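Scroll down for the structure; my scribbles are underneath it.
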Amino acid sequence: MRFRLVAAALFLAGCATSPTSPQPLARPTQAVQAAFALNGRIAVKHDGERTSSTLRWTHHSTEDEILLFAPLGQTVARIRRDAGGVVLDTAERHYSARDTEELTQRALGWHLPLEGLQYWVLALPAPGSEPSIERGASGQVSTIRQDGWEIRYTRYAAQQPDSLPLRMNLQRDGMELQLLIDEWEIP
């Protein structure tokens, strides 16, 4: 009898406490200096060609590192940006340039707008040019148009206005980039 009472008490105690789920991350308050890392996937449509890759992007205020991976996990390209410029390394070649768009166009055949993307990935406009911003009913950014790019946000981590995006589409001049973020790391 005593065993049944103890078992029932433990069962009820277990029911009284529910497991806590991790809280969705919010955007950093100072995006200009915000460091972040993300894991996800990128798909590119350009000039009738389609390519996709998984990626790991580590961003700091003065430098970026983006690793692009093949389906089985091999590193296809490593892009590094710092005050000295941008380099892209593949298994066969080493490229360097002053900006990421020029470099990725030359090496990969499509341009990655890293200067703006470091803000757009946080659903924020980039400084330096006037954006057009549309918001949805929950207050979240649904579209940013800036520097010739149209960035549409189709999924967020939560319903709060300051929640981080998980899916976005970028379009410009017949090129489309789709970025799906599987994991955010905000220090």
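Picking from L88, L55, which residue would you name as being within 18 Å of the chain's Cα centre (by Cα) and either of a type outside the set (S, T, Y) or not in a strand (DSSP E or B) (or both)?
Only one candidate passes the filter, namely L55.
Do we find that Y119 is crowded, with 16+ Cβ neighbours inside 10 Å, of a type in the set (S, T, Y) and over 18 Å from L179 (Cβ atoms) in this structure?
Numbers: crowded, with 16+ Cβ neighbours inside 10 Å: yes; of a type in the set (S, T, Y): yes; over 18 Å from L179 (Cβ atoms): no.
No: the conditions fail for Y119.
Being in contact (Cβ under 8 Å) with a residue 24 or more places away in the chain and either exposed (fewer than 15 other Cβ atoms within 10 Å of the Cβ) or under 15 Å from P113 (Cα atoms) (or both) is the filter here, so list the residues in segment 67-85 that pass it.
Those that are in contact (Cβ under 8 Å) with a residue 24 or more places away in the chain and either exposed (fewer than 15 other Cβ atoms within 10 Å of the Cβ) or under 15 Å from P113 (Cα atoms) (or both): I79, R81.
Only one of (1) of a type outside the set (F, W, Y); (2) assigned to a loop (DSSP other than H, G, I, E, B); (3) crowded, with 17+ Cβ neighbours inside 10 Å; (4) out of contact with any helix residue (DSSP H, G or I) (no Cβ under 7 Å at 6 or more places or on another chain) is not met by E130, so which one is it?
(3)
Take Y156 and decide whether it is of a type in the set (F, W, Y), surrounded by 15 or more Cβ atoms within 10 Å (Cβ to Cβ) and over 24 Å from V87 (Cβ atoms). Walk me through how you get there before you give the answer.
Details: of a type in the set (F, W, Y): yes; surrounded by 15 or more Cβ atoms within 10 Å (Cβ to Cβ): yes; over 24 Å from V87 (Cβ atoms): yes.
Yes; evaluated as a whole, the condition is true for this residue.
Within the set of pairs 6+ apart or on separate chains, which have a first residue in segment 155-168 that is in contact (Cβ under 8 Å) with a residue 40 or more places away in the chain and in a loop (DSSP other than H, G, I, E, B), a second that is charged (D, E, K, R) and surrounded by 16 or more Cβ atoms within 10 Å (Cβ to Cβ), and C-beta atoms under 8 Å apart?
D162/R27; L164/R27
FYI, it's all coordinate maths here, none of it is from the lab. This one's a predicted model, so the numbers in the text were calculated from it and none came from an experiment. Neighbour counts are summed over all protein chains in view; Cβ atoms, including those assigned to glycine, are modelled from backbone coordinates with ideal geometry.
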